[in-house]
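The values are calculated or read from the model by the stated rules, or taken from the named source; none is laboratory data. On a predicted model such as this, the values are computed, not experimentally measured, just so you know. Using ideal geometry, Cβ is built from the backbone for each residue, glycine included, and neighbour counts are taken over all protein chains shown. Ligands, DNA and RNA are stripped out before the accessible areas are found, and what is left, the full protein with its side chains, is counted by its heavy atoms. Shrake-Rupley method; radii C 1.70, N 1.55, O 1.52, S 1.80 Å.
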Amino acid sequence: MVPSKSGTILSQSYFSRPTLTVARSLVGKYLIRCIDGREIAGKIVEVEAYVGSQDRACHAAKGRTRRTEVMFGPAGVAYVYLIYGMYHCLNVVTEREEFPSAVLIRAIELNEELIDGPGRLCRALQIDRRLNRVDLTIGESLWFEDRGEVVGRGKVGVYPRIGVDYAGMWAKKLWRFRLSRITGPTRTGQTKK
């Protein structure tokens, strides 16, 4: 883990754009976590988009609940939840209020190592439900930065989302974006396509 370099913190207006635009543009940006005054920066290499209550793979497809309430709020806020009773997942809320959409952060490169999978990522950065609803645009405990790296269209692959087969035709949407060339070795010993 290396201290982060200065970058531009992504603003609420950045996240207020259409979810697919935000998702694609987050590949190559940095996720910054501040722990005990030390900044840890991971380059985002894979994300998934979840777009509105009509998207059967989106948590909001089942309506507004205590868990999904954050998705109906302002863009640029963290939506952190627990899956399988043991793994945390980090999302950033997107688009306009009352339109529940978010981008799941699936993988980062951290200190030249691939942290592949949303649960592993959250474990590596000590992200849990205490960070649910945190404003990710103010540069405090958790935020996103643009460090000026340009990732061309040909460098980002598009794929179906993972683990949402129950969503019917929505499972086939090419709403997962992954950097085509990832340089770091993976902790899992394999790379998902």
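Kirkwood Rh over alpha-carbon pairs of segment 43-155, then Stokes-Einstein at 37 °C and 0.692 mPa s: what D in µm² s⁻¹, rounded to an integer? The diffusion coefficient I find is 224 µm²/s.
Return the loop-located trypsin sites (Lys or Arg not before Pro) in segment 47-78 (DSSP other than H, G, I, E, B) with at most 11 other Cβ atoms within 10 Å of their own Cβ; answer none if there are none. Please report the intermediate quantities before stating the final value.
Values: sites: Arg56, Lys62, Arg64, Arg66, Arg67; in loops: Arg56, Arg64, Arg66, Arg67.
Sparse-neighbourhood loop trypsin sites (Lys or Arg not before Pro): Arg66.
Spin-label pair Ser13-Arg56: with each label point 7 Å from Cα along the Cα-Cβ axis, the two points sit 3.9 nm from one another.
Pairwise Cα separations in segment 134-181 fall into 5 Å bins from 0 onward with the following percentages, short to long: 5, 17, 15, 13, 15, 21, 12, 3. For Val156, the residues whose modelled amide H falls within less than 5 Å of its own, excluding neighbours fewer than 5 places apart on the same chain, are Ser180. Modelled spin-label separation between Arg129 and Thr21, with each label point placed 7 Å from Cα along the Cα-to-Cβ direction: 3.4 nm. Here the peptides 138-149, 100-111 are ranked by packing, the mean other Cβ count within 10 Å, and the order with the highest first is 100-111, 138-149. Candidates [x] 18.0, 62; [y] 15.3, 45; [z] 15.4, 42; which is the computed Rg and Dmax of the Cα atoms in Å? The calculated read-out lines up with [y]. Among Cys34, Cys122, the sequence by solvent-accessible area, most first, with a 1.4 Å probe is Cys34, Cys122. When its C-alpha radius of gyration is set against 2.2 N^0.38 Å (N residues), segment 40-89 gives a value of 1.28.
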